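The values are calculated or read from the model by the stated rules, or taken from the named source; none is laboratory data. In this text, all values refer to a predicted model and were calculated from it rather than measured experimentally. Reconstructed Cβ throughout: ideal geometry from the backbone, glycine too, with neighbour counts over all protein chains shown. When the accessible area is computed, the model is the full protein with side chains, heavy atoms only, and any ligands, DNA or RNA have been set aside. Shrake-Rupley method; radii C 1.70, N 1.55, O 1.52, S 1.80 Å.
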Amino acid sequence: MKPLQPVPPRAHRRQALAWTAACALAPFLIAMSNATHAMTPTTAPVAELPTELRSALPASRLVGTGVLRFFGLRVYEARLWAAAGFVPEDYARHPFALELVYDRKLEGAAIAERSIAEMRRVGSFTEAQARQWLALMQQAFPDVQPQDRLLGLNDGQGEVRFFHNGRQTALLRDADYARLFFGIWLAPQTSAPALRNALLGLG
């Protein structure tokens, strides 16, 4: 029997990079859901209003939440916060916040790049817009560690603010970006319909 050959260090690096890319902001993994890819909704969500929202959206409530898993491993818990009257079909025109609480270490650059790819599923945009938005998200999304929080706040009028563990990291006034970015989770075109349903409390 031929002995097993050791895996060269370069292969280990490729495997690590592949895992990072696969998990980054990973709602797209739901599109491939099967017995080993599952999103678990929380049936009785209990969570404290994030500090970022106590002044920006003090009347907001937790609409829905779900846990994203990849091969049984938790990637993050997603939470949608919005005030009464939030209309899912017209999400971009309403104030709300999307909060992600991570369970895994991920690179911010990979999160930003995956976001651009997922935004293309929601709608079309130019390469110039893609470059501008990618640069913004590379600033907005630092590398994350387990229990880190990323929160995106939409004001309903085209302004988006990003926070990392309560600290603002970026601000953009662009209604197209707001619609496409949050559409990764909330638009009907999402690659993660189960996660969308859980966030919107649709069962």
Can you say whether residue 127 is crowded, with 20+ Cβ neighbours inside 10 Å, over 22 Å from residue 166 (Cβ atoms) and among the charged types (D, E, K, R), as far as the supplied structure shows? no
Counting only residues that are part of a strand (DSSP E or B) and out of contact with any Leu (no Cβ under 7 Å at 6 or more places or on another chain), which one in the stretch 163-183 is most open to solvent (accessible area, probe 1.4 Å)? 173
Given the criterion farther than 29 Å from residue 202 by Cβ and surrounded by fewer than 19 Cβ atoms within 10 Å (Cβ to Cβ), identify the matching residue among 155, 148, 143. 143
Looking for something farther than 25 Å from residue 67 by Cβ and part of a loop (DSSP other than H, G, I, E, B) - is there at least one such residue anywhere in the stretch 125-136? yes
Neighbours by Cβ (under 6 Å, 6+ apart or cross-chain): first from the stretch 70-94, open to solvent by 40 Å² or more (accessible area, probe 1.4 Å); second of a type in the set (S, T, N, Q): 71/36; 79/65
Give me a count of the residues in the stretch 184-203 that are open to solvent by 10 Å² or more (accessible area, probe 1.4 Å), of a type outside the set (Val, Ile, Thr) and part of a loop (DSSP other than H, G, I, E, B). 6
